[in-house]
1. May I ask you to verify whether VAL39 is of a type outside the set (S, T, N, Q) and at pLDDT 95 or above?
2. Out of contact with any helix residue (DSSP H, G or I) (no Cβ under 6 Å at 6 or more places or on another chain) and either surrounded by 12 or more Cβ atoms within 10 Å (Cβ to Cβ) or among the β-branched types (Val, Ile, Thr) (or both), is that true of ILE32?
3. If you go through segment 44-55 one residue at a time, do you hit one that is of a type in the set (A, V, I, L, M, F, W, C), free of Cβ contacts under 8 Å to residues at least 60 places away in the same chain, in contact with a Lys or Arg (Cβ under 6 Å, 6 or more places away or on another chain) and surrounded by 14 or more Cβ atoms within 10 Å (Cβ to Cβ)?
4. Can you tell me which residue is modelled with the lowest pLDDT among those in segment 1-23 that are exposed (fewer than 15 other Cβ atoms within 10 Å of the Cβ), under 14 Å from the mean Cα position of the chain (by Cα) and under 25 Å from GLU66 (Cβ atoms)?
Amino acid sequence: ALRTMLKEETAEVTTIIVAQRIGTIIDADQIIVLDEGRVVGHGQHKELLQKCEVYREIARGQLSEEELAS
């Protein structure tokens, strides 16, 4: 419910969301990945799964195999 509301309310505006759960930001236009305060990746979810090891490891720990494949 919260994710749906956020998606609807922020559809046409720039919004910065700080999140530890990938599910919260999975549909974001741009995700910035930090590791120990340093930017280690940026892009959309599918792009980061392919090119950012830190993001991929976080995703493997939080998402199901089905969610990772979609």
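The values are calculated or read from the model by the stated rules, or taken from the named source; none is laboratory data. Model, not experiment: these values are computed from the prediction. Neighbour counts run over all protein chains shown; Cβ positions are idealised from the backbone, glycine included.
1. yes
2. Yes; evaluated as a whole, the condition is true for this residue.
3. Within segment 44-55, one or more residues are of a type in the set (A, V, I, L, M, F, W, C), free of Cβ contacts under 8 Å to residues at least 60 places away in the same chain, in contact with a Lys or Arg (Cβ under 6 Å, 6 or more places away or on another chain) and surrounded by 14 or more Cβ atoms within 10 Å (Cβ to Cβ).
4. Of everything passing the filter in segment 1-23, ARG3 is modelled with the lowest pLDDT.
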